[in-house]
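Beneath this line is the structure, given in structure tokens, with notes to follow.
Nothing in this text is a laboratory measurement; each read-out follows from the coordinates by a stated rule. All values derive from a computational prediction rather than experimental measurement. Cβ: placed from backbone, ideal geometry, glycine included. Neighbour counts: every protein chain shown.
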Amino acid sequence: MRMSAIIGHRGAAHIAPENTLSGIKAAYQSGLDWVELDVILMGDGSLIMHHDRTLSRCTNGKGEVLSKSIGYLDGIDAGVLFRDSHGDRFFGEPIPTLLQALDLVHALGMGLNLEIKMHQHEVGDLVLPVLSVLDGHPLSRQGRVLISSFNHQVLLLCKQQRPDIPLGQLFGMMPKNWLSLTKEVNAVTVHVNQSWLTEAKVKTVLEQGYELYCYTVNDGKRAKNLLDWGVSGVFTDDPAAIKCML
Ligand code: G3P
Ligand code: MG
């Protein structure tokens with residue numbers, strides 16, 4: 001199996017701020033070997049771990065990430081969503097760069113599903129710098145990075161530039177032409193929204209020889225069903241809720 005049966009989603013987003021170094025550590029401390037994280041582009045070309053187009057949902061910052069430079073992140077707190085539940089525990093949690101996230105995942109001996117999130121910019125402006133950071137990084141050299149994206153052009157460019165890095169074809173619902181899209185980018189895994197999956201759909205993907213991963217599964221019973229059907233792994237915000245059912 002390329003990844004593991006339980007993968008921390010955005011780190012482990014229910015127990016630590018998403019897409020942060022604390023999130024990676026929380027996944028590790030929960031006994032996980034793999035995490036999924038989102039990488040996006042800033043206006044000055046910096047690569048940071050963040051899910052949204054803007055900073056407002058998860059941080060005390062405001063505005064479009066694409067309109068900011070890395071210096072704007074000084075003093076930005078990505079722990080704000082945890083203030084009520086966790087007090088000062090994540091106070092001042094920084095938004096990490098891609099390199100900081102890779103270094104920590106590597107230091108912990110984990111693997112990374114790096115989801116490349118496109119916003120409103122050229123594909124190459126994000127993909128080429130991401131590949132260049134991965135180039136020569138020990139995590140990538142050791143085959144412990146799998147890139148995924150909802151954006152087909154992103155995957156095509158990855159395949160063209162770095163055919164050695166494994167790719168995951170990421171869908172919400174699988175479109176009718178899922179197989180041709182997946183073959184076109186030479187993906188080794190297929191990732192889909194779990195809410196849409198049935199046993200028959202799982203079988204369709206497995207019959208084509210792909211590993212199938214699904215997001216986001218925070219219910220232990222649902223995770224057990226999916227894994228019993230042959231799903232290779234589930235992305236979860238809440239590792240303990242899944243582990244106790246398996
Ligand atoms: O990569 C799986 C999952 O993270 C995709 O959805 O919106 O959580 O990035 P999202
Ligand atoms: Mg993601």
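Quick notes on this one:
- Interchain or long-range residues, amide H under 5 Å from Leu146's placed H: Leu112, Asn113, Leu114
- Reach of Lys243 by Cα under 18 Å, taken over lysines that are not fewer than 8 positions away in the same chain: Lys25, Lys221, Lys224
- Set of lysines with alpha-carbon distance to Lys159 below 20 Å, sequence-local pairs under 8 removed: Lys117, Lys183
- Once both labels are positioned 7 Å from their Cα atoms along Cα-to-Cβ, the gap between Asn151 and Lys201 label points is 2.5 nm.
- DSSP-defined beta bridges in the chain - what % are antiparallel, rounded to 5: 15 percent
- Cβ-Cβ FRET estimate between Arg83 and Arg53, R0 fixed at 22 Å, reported to 0.05: 0.45
- Amide H contacts of Thr54 (H built 1.01 Å from N, under 5 Å, at least 5 apart or other chain): Val65
- Per-pair calculated FRET efficiency, R0 = 30 Å: Gln142 and Asp74 via Cβ, rounded to 0.05: 0.40
- The length gained by stretching the chain between Asp125 and Ala241 to full extension, at 0.36 nm per residue less their Cα-Cα distance, is 37.9 nm.
- For region 123-152 versus region 38-111, the gap between their alpha-carbon centres in whole angstrom: 18 Å
- A simple spin-label model places the labels of Leu99 and Asn193 3.7 nm from each other, with each point 7 Å out along Cα-to-Cβ.
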